[in-house]
Amino acid sequence: MANGGQHEVRFRIGPDGKIIFEVKGVKGQGCRDIAAAIRKATGLKVSAERPTGEAYEAEVHCSTDLYVKK
């Protein structure tokens, strides 16, 4: 899920009580996973879903092996 950048979730509540949330900075399946977790935790029902371009980008996984020379 982590892609090395900053992750952000924005919530907007309209005057009619409609809640819109947007996941930013997370690519691929990680974006969908976060959105699903938010819906589950809050009990929000989905009336429409519009994935952004980030949702279709490949996730970036990075690992680093560190070796200490003696």
Fill in the blank from the handout: Rounded to one decimal in nm, the spacing of the 7 Å Cα→Cβ label points at Ala37 and Arg12 is 2.4
Practice task
Go through the range 35-48 residue by residue and turn each phi into a ³J(HN,Hα) via Karplus (6.51, -1.76, 1.60, θ = phi - 60°); whole Hz please, and just put x for glycine and proline.
Solution key: 4, 5, 5, 5, 4, 5, 5, 9, x, 5, 9, 8, 9, 7
Handout entry: Table column - 3J(HN,Hα) (Hz), the range 18-27, Karplus curve with 6.51, -1.76, 1.60, x for Gly and Pro
Key = 5, 10, 10, 10, 9, 9, 10, x, 10, 9
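Bear in mind these aren't lab numbers, they're just calculated from the coordinates by the rules spelled out. It should be emphasised that the depicted structure is a prediction, and the values quoted were computed from it without experimental measurement. Glycine also receives a Cβ, built like all others from the backbone with ideal geometry; neighbour counts cover every protein chain displayed.
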